[in-house]
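All remarks here apply to the structure that follows.
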Amino acid sequence: AVVSTQSTGNTNLINKKQLTVLARVLDALDGFNTPKVRLAIGQTPIVEVSEGLLVLFRRIPGEILGSRPQPPLFWHSLGRIVAQISLQMASVDSSDFHRELDWDPRLTSRNLTSLRLPEGVEREKVMACVRRMERTLKELPVQLSHADINEYNILVDEEHGMGLIDFNDMIMAPRVVEIAHCLAYMIHSQQLNTEIGRNIMMGYGEYIKLSETERSIIYDLVVSRFGLSCAMGQQKIDEGTANDYVTKCVQDNVITLAGFLRLGRDSFEEEVLKD
């Protein structure tokens, strides 16, 4: 597991108290699934980081997963790694790690209230999922979560195995958020191939057995994540600050969100979650 966070100017993680928690994550993951776990803090001044923790982002080995096809065993292994990292992060003392980010799923309805969804998105269906998700999340305990395991934050390297980068969006959230967001992005990256989701869940289930309550909101978390992503991207387009990448992402995410809504909860759970 390769652990990194980039300094992107939004100061998501770049303060001393939060770096202390990130260092605890490093300690928890040290030696896990690889001979060495490295923490990269982009160009953050070394004075802010304990001695020996700073590794430049460009030196981390591996290639971004992206949309490259992978064999079933790869997705199975990814599920296992997500579960193992989740278990390790649950053991980290995170008592001084509290913050609000726009991506926090528990804040989705608040954030969507002031944002416009792109044309073609069925707002009421999205909001129904959001409301159901938020009600249930309030009942669940929280832990540290990477919260952004997407196809561009997974490194694949023959020598070092699979790596996870970019902890910028790390939050306190129920553990189901981690696997739900991973499923959302991986299925999206593979043209809505739900068989990939089933393989991920099979690997994940070897280490973590989700409760029925947790499983019942995975579909809602997936839809809500893409709904928020579409709305935040649309805001940049409306403000005239979107580049070509953001515009393309919004277009792709609208298609993906429509696909998940057409699939529906019952089919999603049958194809992805059924044991």
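The values are calculated or read from the model by the stated rules, or taken from the named source; none is laboratory data. Since the structure is predicted, the reported quantities are computational estimates derived from the model, not experimental observations. Here the Cβ positions follow ideal geometry from the backbone for every residue, glycine too, while neighbour counts run over all protein chains shown. Ligands, DNA and RNA are stripped out before the accessible areas are found, and what is left, the full protein with its side chains, is counted by its heavy atoms. Shrake-Rupley method; radii C 1.70, N 1.55, O 1.52, S 1.80 Å.
Remarks
- Screening Leu192 on (1) open to solvent by 60 Å² or more (accessible area, probe 1.4 Å); (2) out of contact with any Ser or Thr (no Cβ under 9 Å at 6 or more places or on another chain) shows it passes everything except condition (2).
- Residues located in the stretch 221-275, provided they are in contact with a Lys or Arg (Cβ under 9 Å, 6 or more places away or on another chain), acidic (Asp, Glu) and more than 20 Å from Ile196 (Cβ to Cβ): Asp238
- Applying the criterion of at least 3 residues that are in contact (Cβ under 8 Å) with a residue 24 or more places away in the chain and within 23 Å of Leu210 (Cβ to Cβ) to the strands (runs of 3 or more DSSP E) found wholly in the stretch 83-171 leaves 143-145.
- Unique residue being farther than 17 Å from Leu221 by Cβ, out of contact with any helix residue (DSSP H, G or I) (no Cβ under 6 Å at 6 or more places or on another chain) and open to solvent by less than 80 Å² (accessible area, probe 1.4 Å) when the list is Gly120, Gly163: Gly163
- Annotation note: Cβ proximity below 7 Å between a residue of the stretch 62-79 that is closer than 19 Å to Asp148 by Cα and a residue that is small (Gly, Ala, Ser) (sequence gap 6+ or interchain) occurs for Gly62/Gly163; Ser67/Ser189; His76/Gly203; Ser77/Gly203; Leu78/Gly203; Gly79/Gly203.
- Residue under evaluation Asp220, criteria (1) acidic (Asp, Glu); (2) closer than 20 Å to Val177 by Cβ; (3) open to solvent by 10 Å² or more (accessible area, probe 1.4 Å), criterion not met: (3)
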